[in-house]
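K.L.:
Just passing along the structure, written as structure tokens.
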Amino acid sequence: MSTSIDVSLGQVAASLALVALAAGISFWRRTDLERDIVVATVRSFVQLTAIGYAIKLIFEADTIWLVVALLSVMVLFGALTARSRAKKVPGAFWPLLIGLAIAAASTLGLVVALGIFEATPRYLVPVGGMMIGNAMTASAVALNRLGDEVSGSRAAIEATLALGATAREASAPFVRRALRSGTIALIDSTKTTGLIFFPGTMVGMLLAGAEPADAVRLQLILLYALLGSTAIAALVATGLAYRNFFTPAQQLREPGA
Amino acid sequence: MLFELRDVSLTRGGRPVLDSIGVEIHSGATAIVGPSGSGKSTLLRLLNRLADPDTGTISYRDRPLSEWDPLQLRREVSLVPQLPALLEGTVESNLRYAAGLAGKELDARRCLGHAGLDSRFAERDVSKLSVGEQQRAMLARALAQEPAVLLLDEPTSALDHDARDAIEATLARLRTEIDISLIVVSHDPEQARRLADRAVRLKAGRVAACGPLAEALT
């Protein structure tokens with residue numbers, strides 16, 4: 001499946017014409033997004049360039065410890081980013097961090113153990129990055145929904161606690177809905193993949209000149225691995241985060257307490 | 001004595017909700033009355049540990065609440081909140097859930113009957129019930145746990161006069177049919193007179209009076 005493609009900085013610069021088009025539409029329709037478009041463009045250039053050099057170094061060093069260090073930093077920033085989407089969940093950082101770490105470790109461990117990918121930086125870095133990125137989105141959506149569910153259903157939760165239900169029992173319907181919210185987007189996009197859109201890996205491989213059959217197989221592997229990693233991350237994050245709404249005496253904490 | 005509160009205080013958002021409450025609540029029917037914001041509902045929530053006071057002690061059957069397993073306490077001292085909040089599903093599934101938590105065999109017909117509902121309500125979807133019917137279903141659900149004490153938070157506040165009278169009649173009949181103590185929060189002293197033998201009158205988070213109705217509500 002090894003392929004290569006040469007992309008010059010001139011070609012990258014030419015693609016900025018599409019960014020200018022987006023900014024022009026924003027200016028024309030007064031959506032006030034021009035500044036955000038510029039920031040997003042600059043940030044993506046700087047961040048991807050930096051990570052490109054980092055990955056190059058890691059590939060050349062060819063040591064597993066640098067891979068672990070890079071993925072750990074990605075998990076950390078993923079948890080910090082997702083926390084900002086889960087403001088109604090008290091202490092959301094640790095459930096997110098643990099969820100992302102377990103999702104990344106278990107899915108990468110499994111694809112290596114099953115012989116799907118070699119345990120080398122060339123596979124672990126890009127695949128790990130995809131797993132963590134998608135797991136971050138799924139767990140952020142799940143915890144955002146959990147926060148909304150609990151804050152909007154305090155009366156129902158307390159009514160169930162008042163019967164002597166545990167915090168886990170009283171919050172189970174809301175945790176279930178949050179988990180569903182976190183994972184449904186990827187499930188839906190997996191259902192429609194190939195029909196409505198082509199996923200990024202497959203597009204990248206085709207552009208790089210790979211055989212379509214190779215591109216499809218690799219894409220399928222990644223889609224299936226992503227389903228696993230998002231489910232694990234959302235499950236662990238919601239399974240840990242709901243506890244933070246309750247005291248050890250199985251009482252629903254006051255908002256902001 | 002059921003409950004004994006000693007020097008109980010609670011502050012929320014920097015505002016004292018309960019201030020040095022000291023009161024004894026005996027078996028039978030007790031009303032907690034007072035104007036809105038006087039701390040009635042908060043006091044009720046303390047009795048089955050949905051919340052804890054900042055200071056002071058509360059005892060149930062001569063044992064501090066902190067020594068009770070909160071789950072066991074809540075199955076024995078069941079609280080019916082002001083607004084109905086049933087679980088999705090049928091009335092019977094709600095009753096079965098509550099009975100299961102308390103480790104009791106469910107007799108749905110008996111529970112529904114005590115709450116003034118026909119046994120045919122068992123199969124009704126809770127989302128199709130009127131507010132009054134939901135309130136009765138909440139009562140039946142609490143009774144499915146066979147509690148020793150029933151805490152009722154403004155049980156008729158969301159109901160019209162006819163439904164209110166029916167719930168009051170149900171509660172009065174309940175006391176004659178089963179061995180249960182009632183602690184009823186109400187903003188209406190007349191309702192307290194109809195439902196209770198004793199009363200605790202709160203004013204701005206403090207006990208203004210307590211004892212037999214004649215003393216507490218004058």
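K.L.:
Pop a pseudo-label 7 angstrom from the Cα along the beta-carbon direction at both A:T193 and B:A214 and give the gap in nm to one decimal.
P.N.:
8.1 nm
K.L.:
Less than 20 Å apart at the alpha-carbon level, and either on another chain or at least 8 residues along: which lysines does that give for B:K203?
P.N.:
Excluding near neighbours in sequence, the set is B:K40.
K.L.:
Size of the dipole of the protein assembly as shown about the Cα centre, Lys and Arg at +1 and Asp and Glu at -1 on the beta carbon, nothing else charged, in debye to 20?
P.N.:
460 debye
K.L.:
Here is a follow-up. Cα convex hull of the protein assembly as shown: mean projected area in nm², to one decimal?
P.N.:
Result: 29.8 nm².
K.L.:
Can I ask one more? Given +1 on the Cβ of Lys and Arg, -1 on the Cβ of Asp and Glu, and no further charges, what dipole in debye does the range B:1-109 carry about its Cα centre, rounded to the nearest 20?
P.N.:
220 debye
K.L.:
At a Förster distance of 22 Å, what's the computed FRET efficiency of A:L16 paired with A:V203, Cβ-Cβ distance as r, to 0.05?
P.N.:
0.65
K.L.:
To test your reading of the geometry: what angle, between 0 and 90 degrees and rounded to tens, separates the Cα axis of helix A:212-241 from the longest principal axis of chain A?
P.N.:
So the helix axis and the longest Cα principal axis differ by about 30 degrees.
K.L.:
Using a 10 Å cut-off on Cβ to Cβ distances, tally the other chain neighbours for every residue of A:163-171 and report the average as a whole number.
P.N.:
The per-residue average across the peptide is 6.
K.L.:
Hey, got the average number of other protein chain Cβ atoms within 10 angstrom for residues in B:69-82?
P.N.:
4
K.L.:
Under a Cβ-only charge scheme (Lys and Arg +1, Asp and Glu -1), can you give me the dipole magnitude of the range B:3-216 about the Cα centre, in debye to the nearest 20?
P.N.:
In total the dipole reaches around 200 debye.
K.L.:
Compare the Cα positions of B:A199, B:L117, B:S127 along the charge dipole of the range B:70-218 (+1 at Cβ of Lys, Arg; -1 at Cβ of Asp, Glu; about the Cα centre) and return the one farthest towards the positive end.
P.N.:
So the residue we want is B:A199.
K.L.:
Roughly what % of Cα-Cα distances in the range A:134-257 sit above 18 Å, to the whole percent?
P.N.:
More than 18 Å apart: 59 percent of the Cα pairs in the range A:134-257.
K.L.:
Using 1/(1 + (r/R0)^6) with R0 = 45 angstrom and r between the beta carbons of A:R29 and A:I5, what's the FRET efficiency to the nearest 0.05?
P.N.:
0.80
K.L.:
Rounded, prolate or oblate: which one fits the range B:1-89, using the alpha carbon gyration tensor with axes a ≥ b ≥ c (rounded when a/c is under 1.5, else prolate when a/b beats b/c, else oblate)?
P.N.:
Rounded is the answer for the range B:1-89, as its axis ratio a/c remains below 1.5.
K.L.:
What is the distance in Å between the Cα centres of the range B:148-177 and the range A:154-186?
P.N.:
With the range B:148-177 and the range A:154-186 each reduced to a Cα centre, they are spaced 29 Å.
K.L.:
Still on this structure, I have one more. Measure off 7 Å from each Cα along the Cα-to-Cβ vector at B:R124 and B:D54, then give the distance between these two points in nanometres to one decimal.
P.N.:
Those two pseudo-labels are separated by 4.4 nm.
K.L.:
So what is the calculated 222 nm ellipticity per residue for chain A, using -39500 (n - 2.57) for each DSSP H run with n of 4 or more, over all residues, to the nearest 500 deg cm²/dmol?
P.N.:
Values: 9 runs with 193 residues, N = 257.
Value at 222 nm, helices only, nearest 500: -26000 deg cm²/dmol.
K.L.:
Given the peptides A:38-49, B:107-118, arrange them by the average over their residues of other C-beta atoms within 10 Å, most packed first.
P.N.:
Sorting A:38-49, B:107-118 by mean packing, highest first, produces B:107-118, A:38-49.
K.L.:
Compute the orientation-averaged projected area for chain A from the convex hull of its Cα atoms and round it to one decimal in nm². All intermediate terms of the calculation are to be shown ahead of the outcome.
P.N.:
On the way: hull surface 68.2 nm².
Averaged projected hull area, Cα only: 17.0 nm².
K.L.:
Need one word for the range B:102-216: rounded, prolate or oblate. Basis is the Cα gyration tensor (sqrt eigenvalues a ≥ b ≥ c); a/c below 1.5 gives rounded, then a/b vs b/c decides.
P.N.:
Prolate is the answer for the range B:102-216, as a/c is 1.5 or above and a/b outweighs b/c.
K.L.:
For the range A:191-257 and the range A:31-88, write down the distance between their C-alpha centroids in whole Å.
P.N.:
17 Å
K.L.:
Here's something else I'd like to know. What three numbers, in Å, describe the spread of the alpha carbons of the range B:3-216 along their principal axes, ordered from the longest?
P.N.:
The principal-axis extents, from largest down, are 47, 37, 34 Å.
K.L.:
Next question, about the same structure. Starting with the fewest neighbours, write out A:L97, B:L129, A:L163 ranked by other beta-carbon atoms found within 10 Å of each beta-carbon.
P.N.:
Ranked by crowding around the Cβ, least crowded first: B:L129, A:L97, A:L163.
K.L.:
Arrange the peptides B:77-86, A:19-28 so that the one whose residues have, on average, the most other Cβ atoms within 10 Å appears first. Show your work: numbers first, answer last.
P.N.:
On the way: B:77-86: 22.3, A:19-28: 12.9.
So the peptides B:77-86, A:19-28, ranked by packing, come out B:77-86, A:19-28.
K.L.:
Taking only Cα atoms and a 10 Å spring cutoff, compute GNM fluctuations for chain B and point out the largest among B:R61, B:R12, B:R96.
P.N.:
Top of the fluctuation ranking is B:R12.
K.L.:
Once you average over the residues of A:152-162, how many Cβ atoms of partner chains fall within 10 Å of each Cβ?
P.N.:
6
Read-outs throughout are calculated quantities, based only on the coordinates presented, and are distinct from any laboratory measurement. Computed from a prediction, not measured in an experiment: that's the story for all the values here. Cβ coordinates were reconstructed from backbone atoms using ideal geometry, including for glycine residues, and neighbour counts include every protein chain displayed.
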